[in-house]
Amino acid sequence: QVQLVESGGGLVQPGGSLTLSCEASGEIFSIDVMGWYRQAPGKERELVGTITSGGRINYGDSVKGRFTVSRDSAKDTVYLQMNSLKPQDTAVYYCYVNVREAWGTYGVDSWGKGTLVSVSS
């Protein structure tokens with residue numbers, strides 16, 4: 001099994017910045033994809049950004065140009081740098097990884113418990 005520990009959420013004013021981090025641990029052979037999704041009250045979970053082991057990055061349309069996802073593969077950690085935050089960015093942010101637990105196995109999706117980001121004056 002894989003455990004994900006998220007940190008960095010909190011309250012920030014509009015226009016401010018915040019950085020989230022998520023460290024994976026447990027039965028890990030390799031991590032193909034790491035990233036973040038979010039879910040606002042009354043809405044479906046949506047893509048924020050993901051990064052593959054090869055460095056390919058994909059962002060949700062609502063965060064392009066403001067958010068940056070990165071990873072430290074040596075530490076099995078993914079980061080989300082959020083700039084120019086807006087009230088509509090308020091949501092629970094979930095860490096996501098796709099992990100191979102052994103050579104030759106398929107990747108398995110794992111999710112963190114979520115961390116709340118509130119953008120308000």
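The values are calculated or read from the model by the stated rules, or taken from the named source; none is laboratory data. No experiment lies behind these values; they were computed from the predicted model shown. When we count neighbours, we look across all protein chains shown, and the Cβ atoms used for this are built from the backbone with ideal geometry, even at glycine. Ligands, DNA and RNA are stripped out before the accessible areas are found, and what is left, the full protein with its side chains, is counted by its heavy atoms. Shrake-Rupley method; radii C 1.70, N 1.55, O 1.52, S 1.80 Å.
Before moving on, here are some points about what is shown:
- Candidates are the residues of segment 17-39 that are surrounded by 14 or more Cβ atoms within 10 Å (Cβ to Cβ) and of a type in the set (Gly, Ala, Ser); the one that is nearest to the chain's Cα centre (by Cα) is GLY35.
- Some residue of segment 11-20 being modelled with pLDDT of 95 or more, in contact with a Phe, Trp or Tyr (Cβ under 7 Å, 6 or more places away or on another chain) and within 16 Å of THR115 (Cα to Cα): yes
- Every pair of residues 6+ apart whose Cβ atoms lie under 8 Å, when the first sits in segment 51-70 and is over 18 Å from SER84 (Cα atoms) while the second is among the hydroxyl-bearing types (Ser, Thr, Tyr) and modelled with pLDDT under 95: SER53/SER30; SER53/SER73
- Residue that is farthest from SER17 (Cα to Cα), among those in segment 71-121 that are open to solvent by 60 Å² or more (accessible area, probe 1.4 Å) and of a type in the set (Asp, Glu): GLU101
- For TYR94: the one exception among (1) assigned to a helix (DSSP H, G or I); (2) in contact (Cβ under 8 Å) with a residue 24 or more places away in the chain: (1)
- Any chance TYR79 is more than 18 Å from SER25 (Cβ to Cβ) and touching a Leu at 6+ places or on another chain (Cβ under 9 Å): no
- In segment 105-121, the residues that are over 27 Å from LEU85 (Cβ atoms) form Cβ pairs under 7 Å with partners that are outside any strand (DSSP E or B) and open to solvent by 30 Å² or more (accessible area, probe 1.4 Å), at six or more places apart or across chains, as follows: VAL108/GLU101.
- Residue within segment 46-68 that is crowded, with 20+ Cβ neighbours inside 10 Å and more than 12 Å from the chain's Cα centre (by Cα) present: yes
- Listing of strands (runs of 3 or more DSSP E) fully contained in segment 1-71 that carry 2 or more residues being over 13 Å from TRP111 (Cβ atoms): 10-12, 18-26, 30-39, 46-52, 57-59
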